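The values are calculated or read from the model by the stated rules, or taken from the named source; none is laboratory data. As the structure is a prediction and not an experimental result, all values here were calculated from the model. FYI the Cβ positions are ideal-geometry reconstructions off the backbone, even for glycines, and counts take in every protein chain you see. Quick note on the areas: whole protein, heavy atoms, side chains included, nothing else; ligands and nucleic acids left out. Shrake-Rupley method; radii C 1.70, N 1.55, O 1.52, S 1.80 Å.
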Amino acid sequence: MIKWKIHHKKESVSTNLDALAGKSGDVFTADYQSAGRGRLDHKWESVKGENLMMSAVVALEEASPEKVATLPLVAGAAIAEALKVDSSLKWPNDVWYKNKKLAGVLCERRGDNVIIGIGLNVNAYPIALKDRSTSLEEILGERQSVIEIRDAILASLSSFYQAWLIRGFDEHLRAIIAKRDYLRGKTVSVRQTDDDSEPIEGVCEGIAEDGSLLVGGKRIYAGEAHIEGVR
Ligand code: BTN
C-alpha cells in the first residue's frame, strides 16, 4: 500500500498546480479551488467545503506513453470501486451515476511522475450544472464525509495503481472497467480531440486493450463522447 502524505489547504488555485511541487505519495487537497482545471481546458467548478478536490502524485517507474494513456481509466475504476453507489465509467475519465456526472479525473504527466487530479461531488454541485451533475449526497439521501471518501479512494487508488504498475492494463483491470462501461452498446458521437476530423458516430463497442474507445470498428484515442438526449 502507498503511504500517502496529505497536504491540505482551505483555498487553492488548483490542487493539480500545488502537486507540481510534490513527490510520489504526496496528495494535495483543498476545500476550494479558484481555478480548478478539467480536461480539454474545461474549468472544474465545485462548491466550497462540500466536495473532494484532490491531486495524488504517483511515480511512473518507466511506464511507456501507451501504458500511461490507460492510467485515467484505472484511476476512474479505483474511484468507482471505492464508492458506495453503483457508478459507471464514461470513457475516458468520468465517473457517472445513471445519466449524470459524479466525478472527473485529470491526469497530467510531469517528468517521471503523474499527477492524478480527482474532483468528486460529495455533498453538492454547482446549480448551473444541475442537468448533468449529481452528488453522493443526492444519490444516498444524506450528507457524506469528504474525509472518509478521500481515504476510501486513496486506499483503492493505491491498490489499482500498484496492480497497473506491475501487470499493466491487463484483463483483470479491463474486466472491472468493462463491467462499468457507460458507453458500451450506446449510439455515440465522438469528437476527436487529437485531430480535426469529423466526429465519429456509431455504436460503441467498448474499450480496447490499449484504452482506446471502439466505435464502428474504429479506435479513438482522445476525445469527448456524446449520447443523444444526454447533456
Ligand atoms: C474533468 O472532468 O474534466 C476532470 C476534472 C478534474 C478536477 C480535479 S479537482 C482536483 C484537481 N485539481 C484541478 O484543478 N483539477 C482536478
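Can you tell me how many residues in segment 208-219 are of a type in the set (A, V, I, L, M, F, W, C) and in contact with a Phe, Trp or Tyr (Cβ under 6 Å, 6 or more places away or on another chain)?
1
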Problem set entry | Test: residue in segment 132-147 that is modelled with pLDDT under 95, over 14 Å from the mean Cα position of the chain (by Cα), within 16 Å of the ligand (Cβ to nearest atom) and open to solvent by 50 Å² or more (accessible area, probe 1.4 Å) | yes
Seminar exercise, completed: Given the conditions (1) touching a residue at least 24 places away in the same chain (Cβ under 8 Å); (2) farther than 15 Å from Val146 by Cβ, every one holds for Phe28 apart from (2)
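Could you count how many residues in segment 144-167 are touching a helix residue (DSSP H, G or I) at 6+ places or on another chain (Cβ under 6 Å) and within 15 Å of Ala75 (Cβ to Cβ)?
Pass one, segment 144-167, residues touching a helix residue (DSSP H, G or I) at 6+ places or on another chain (Cβ under 6 Å): 144, 152-153, 156-157, 160, 164.
Narrowing the set further to residues that are within 15 Å of Ala75 (Cβ to Cβ) leaves 152-153, 156-157, 160, 164.
Selection size over segment 144-167: 6.
Restricting attention to segment 4-48, which residues are among the aromatic types (Phe, Trp, Tyr) and under 18 Å from the mean Cα position of the chain (by Cα)? Before the answer, list the steps.
Kept after step one, since they are among the aromatic types (Phe, Trp, Tyr), are these residues of segment 4-48: 4, 28, 32, 44.
Across segment 4-48, the qualifying residues are Phe28, Trp44.
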For this session: Would you point out the residue of segment 197-231, among those that are within 11 Å of Lys186 (Cα to Cα) and among the charged types (D, E, K, R), that is least open to solvent (accessible area, probe 1.4 Å)?
Result: Glu205
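Where in segment 7-124 are there strands (runs of 3 or more DSSP E), lying wholly inside it, with at least 3 residues that are open to solvent by 40 Å² or more (accessible area, probe 1.4 Å) and not aliphatic (A, V, I, L, M)?
Numbers: elements: 26-33, 52-59, 88-90, 94-97, 100-110, 113-120.
In segment 7-124, 100-110 are the strands (runs of 3 or more DSSP E) which contain 3 or more residues that are open to solvent by 40 Å² or more (accessible area, probe 1.4 Å) and not aliphatic (A, V, I, L, M).
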